[in-house]
Amino acid sequence: MSNHTEKLSEHLITAEPFYLEQHNELEIALAATSHKLPLLLKGPTGCGKTRFMQYLAWRLKRPLITVSCHDDLSTADLIGRFLIKGNDAVWVDGPLTMAVKAGAICYLDEIVEARKDTTVVIHPLADDRRELPIEKLGVLYSAADEFMLAVSYNPGYQSVIKDLKPSTRQRFVSLTFNYPESRLETKIVAKEAGIDEALAAQLVHLGHMTRGLKESGLPEGASTRLLVQAGMLTKTGISTIDACRAGITESLTDDPELLLALEEMILSIF
């Protein structure tokens with residue numbers, strides 16, 4: 001077995017991830033995949049974008065290589081670099097190059113957080129060329145047939161500085177995600193946290209209330225992920241109120257007035 005194959009085997013998802021479809025996002029994603037089209041996932045933090053990609057990778061039986069983008073992410077971090085081993089300079093493929101060559105899914109999470117000069121490298125991969133040029137090696141890789149490019153970002157944090165250029169956006173099939181409607185979200189929280197649906201429904205109700213504070217200065221309300229965290233804490237014996245404080249409100253803000261408003265919401269439900 002090659003070194004690449006060994007590395008990619010670690011990225012294969014063998015057990016079915018728990019995912020409840022909100023609309024027809026899976027149908028569209030599978031259709032895009034059949035035409036070798038890249039995907040752009042838009043939606044708030046913790047609403048299920050990453051879980052959807054895990055489920056899609058499981059359905060397609062392809063390795064999923066996830067890259068969490070950040071301000072310091074360089075082109076070399078994606079495509080690879082020379083490393084010194086002994087007296088030799090050895091080229092080591094980056095995650096994007098590995099995915100291109102082996103036919104894996106490369107998922108760039110929060111793509112707008114990466115440097116602008118870094119995101120340009122995906123352009124020839126995201127159109128009908130499906131190519132990855134590596135100038136340092138003087139090579140041009142054509143993507144394997146099963147290669148898939150997917151990126152995500154949170155429109156709620158958009159700014160002039162951190163936004164996708166039209167030249168980038170228009171290469172993708174776009175899927176918009178949001179927090180699931182109450183019935184679905186209750187099922188998700190109950191399943192993921194291992195709690196009964198009655199408590200899950202109360203946590204979801206709290207989540208909806210916090211999301212209503214966006215106009216009052218709260219950047220984002222409680223994500224489904226935070227509701228699951230609070231549920232997990234209650235399962236270990238922590239009181240529901242303390243679990244909501246530690247698992248939800250303290251993670252949302254440090255503002256005293258907003259914390260007080262959130263505290264009142266918790267007490268009104270629990």
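Brief remarks follow.
- Cβ separations smaller than 6 Å between residues 6+ apart or across chains give the following pairs from region 126-148 residues that are assigned by TED's automatic domain parsing to the domain that holds K165 to residues that are surrounded by fewer than 14 Cβ atoms within 10 Å (Cβ to Cβ): E131/L140; E131/S142; P133/L140.
- A count restricted to region 51-107 and to residues that are over 30 Å from K191 (Cα atoms), under 22 Å from the mean Cα position of the chain (by Cα) and among the hydrophobic types (A, V, I, L, M, F, W, C) stands at 9.
- Residue in region 118-135 that is of a type in the set (G, A, S) and surrounded by 16 or more Cβ atoms within 10 Å (Cβ to Cβ) present: yes
Let's see how each residue does on (1) out of contact with any strand residue (DSSP E or B) (no Cβ under 8 Å at 6 or more places or on another chain); (2) over 23 Å from P124 (Cα atoms); (3) loosely packed, with under 12 Cβ neighbours inside 10 Å:
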{"position": "L30", "(1), (2), (3)": "yes, no, no"}
{"position": "L39", "(1), (2), (3)": "no, no, no"}
{"position": "G46", "(1), (2), (3)": "yes, yes, no"}
{"position": "T50", "(1), (2), (3)": "no, yes, no"}
{"position": "W58", "(1), (2), (3)": "yes, yes, no"}
{"position": "S68", "(1), (2), (3)": "no, no, no"}
{"position": "W91", "(1), (2), (3)": "no, no, no"}
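- The helices (runs of 4 or more DSSP H) falling completely within region 142-242 that include 3 or more residues that are touching an Asp or Glu at 6+ places or on another chain (Cβ under 9 Å) and over 14 Å from I266 (Cα atoms) map to 182-193, 224-235.
- Selection within region 108-141 - under 23 Å from the mean Cα position of the chain (by Cα), of a type outside the set (A, V, I, L, M, F, W, C) and not in a helix (DSSP H, G or I): D109, E110, R115, D127, R130
The values are calculated or read from the model by the stated rules, or taken from the named source; none is laboratory data. Here the structure is a predicted model, which means the values were calculated and not measured. Using ideal geometry, Cβ is built from the backbone for each residue, glycine included, and neighbour counts are taken over all protein chains shown.
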